[in-house]
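Computed from the coordinates by the stated procedures, all read-outs in this text should not be read as laboratory data. In this text the structure is predicted, and so the values were computed from the model without any measurement.
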Amino acid sequence: MRTAWFVLVVRGVRLGAARFVPVVRGVRLGAAWFVLVVRGVRLGAARPPGGAGVCRS
């Protein structure tokens, strides 16, 4: 019986890991998107309004 339980546990762990992997990938993708958005916002904030070529710091 112990071997049967062990097999079930291993299968459950593998299923859990298989479900967990896409979540981790999604989180990483979300983090990458967030970084890109933050960079875009910083770039947009660094550019002066009106599209003037002079940077005001």
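Computed quantities for the displayed model
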| read-out | value |
| --- | --- |
| Theoretical gain in end-to-end length, Val35 to Arg19 [0.36 nm per residue, Cα-Cα removed] | 3.3 nm |
| Whole-Hz ³J(HN,Hα) from phi, Karplus 6.51 cos²θ - 1.76 cosθ + 1.60, for the range 25-36, glycine and proline x | 5, x, 5, 5, 4, x, 5, 5, 4, 4, 4, 4 |
